[in-house]
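Novice: Have a look at this one before I ask anything.
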Ligand code: CA
């Protein structure tokens, strides 16, 4: 088995003015961060977390490896908030997954209420437990899961990255099987779209994870789009796990901070495993056509000048 395609999409939603979510989709590492804080502090916190994860080296392995990245991200966000009063109190969720195709495992580390799911055989399994007030109330039997879904405080988180000098990261490893789709999302998706609908939407758009991501964002917006919506997906396919890692097209890096500037803005990145064509948003083969035409024109002009010179 090896990594198949992967895609990341983020959208401001229909109610918020800014997008304070960020994501990274840099095989074999995938993550979603959902920032919080006044002014632009939420964007800064999520962006710092994504940047810290982007620096992950090829030697990063397993849940412990990602945990170390999250601890480093926490340190950077905390230090920034101490130095810059405008960002005091900022923080972010982070849920990150690292595929190890050689061992057929996915390491997951998370803080906050961004979720990781695994879709296997049409059934969606939530892998992470939200660090949220309502999740704790469900755990202690005070609320039913159905009550939690409608609870007005359902976005209140009990743990965040960057709000304190140290952080408690939950980390674990799960197995990956052929055909699995892993999904990481911010609460702008999971609060708006039920697990059953997420499973149905991804199963239906199974041929293209980019399409599945866009369809999930559309579903969240159709249900109100009350928050920023971010989803990252990757799939496990048949193949040689030792094959070189899939190359990542430039847009994946360019949109890595996932920060949008206005309502309705959607950004996506779709790194594809080797073997498939690279599809990029905003830059297709058409961009190369004018250059080819220019070269042909120069060649034709050169031949004409030569011909004119010889014939005189
Ligand atoms: Ca959110």
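Every number in this text was worked out from the coordinates using simple rules, so none of it is lab data. Fair warning: this is a prediction, and the values are worked out from it, not measured in the lab. When we count neighbours, we look across all protein chains shown, and the Cβ atoms used for this are built from the backbone with ideal geometry, even at glycine.
Novice: By the gyration tensor of its Cα atoms, with a ≥ b ≥ c the square roots of the eigenvalues, what is the shape of region 27-162: rounded for a/c under 1.5, prolate for a/b over b/c, or oblate? Please list the in-between numbers first.
Specialist: Working: a/c = 2.35, a/b = 1.03, b/c = 2.29.
It comes out oblate by the Cα gyration axes.
Novice: Next up: Rounded if a/c is under 1.5, else prolate if a/b is larger than b/c, else oblate: which is region 94-136, with a ≥ b ≥ c the root eigenvalues of its Cα gyration tensor? Let's see the in-between values first.
Specialist: Numbers: a/c = 3.57, a/b = 1.51, b/c = 2.37.
Judged from the Cα gyration tensor, region 94-136 comes out oblate (a/c at least 1.5, b/c at or above a/b).
Novice: Using 0.36 nm per residue of separation minus the Cα-Cα distance, give me the extension gain between residue 158 and residue 54 in nm, one decimal. Intermediate values should be presented prior to the final figure.
Specialist: On the way: separation 104, 0.36 × 104 = 37.44 nm, distance 2.54 nm.
The residue 158-residue 54 span can extend by a further 34.9 nm.
Novice: For the pair residue 166 and residue 144, what calculated FRET efficiency results from E = 1/(1 + (r/R0)^6), where r is the Cβ-Cβ distance and R0 = 35 Å, to the nearest 0.05? Could you put the intermediate results ahead of the total?
Specialist: Values: r = 33 Å, r/R0 = 0.96.
For residue 144 and residue 166, the calculated efficiency is 0.55.
Novice: If the chain between residue 76 and residue 295 were fully stretched, how many nm would it gain, using 0.36 nm times the residue separation less the Cα-Cα distance? List each step's numbers first, then the result.
Specialist: Numbers: separation 219, 0.36 × 219 = 78.84 nm, distance 4.88 nm.
Taking 0.36 nm per residue and subtracting the Cα distance, the gain is 74.0 nm.
Novice: Mind giving me the nanometre distance, one decimal, between the label points for residue 204 and residue 304, set 7 Å out from Cα along Cα→Cβ?
Specialist: 5.5
Novice: Still on this structure: Which shape class applies to region 2-281: rounded if a/c is under 1.5, otherwise prolate when a/b exceeds b/c and oblate if not, where a ≥ b ≥ c are the square roots of the Cα gyration tensor eigenvalues?
Specialist: Working: a/c = 1.35, a/b = 1.21, b/c = 1.12.
Verdict is rounded for region 2-281.
Novice: Just order 20-26, 181-187, 194-200 by mean Cβ neighbour count inside 10 Å, highest at the front, would you? Let's see the in-between values first.
Specialist: On the way: 20-26: 29.7, 181-187: 27.4, 194-200: 16.1.
By packing density, highest mean first, the sequence is 20-26, 181-187, 194-200.
Novice: Give, in nm to one decimal, the length gained when the segment between residue 175 and residue 14 is fully stretched (0.36 nm per residue of separation minus the Cα-Cα distance).
Specialist: Working: separation 161, 0.36 × 161 = 57.96 nm, distance 3.62 nm.
Full-extension gain reported as 54.3 nm.
Novice: With a 10 Å radius around each residue's Cβ, average the other Cβ atoms per peptide and rank 102-108, 237-243, 3-9, highest first.
Specialist: On the way: 102-108: 18.9, 237-243: 12.0, 3-9: 26.3.
Descending packing order for the listed peptides: 3-9, 102-108, 237-243.
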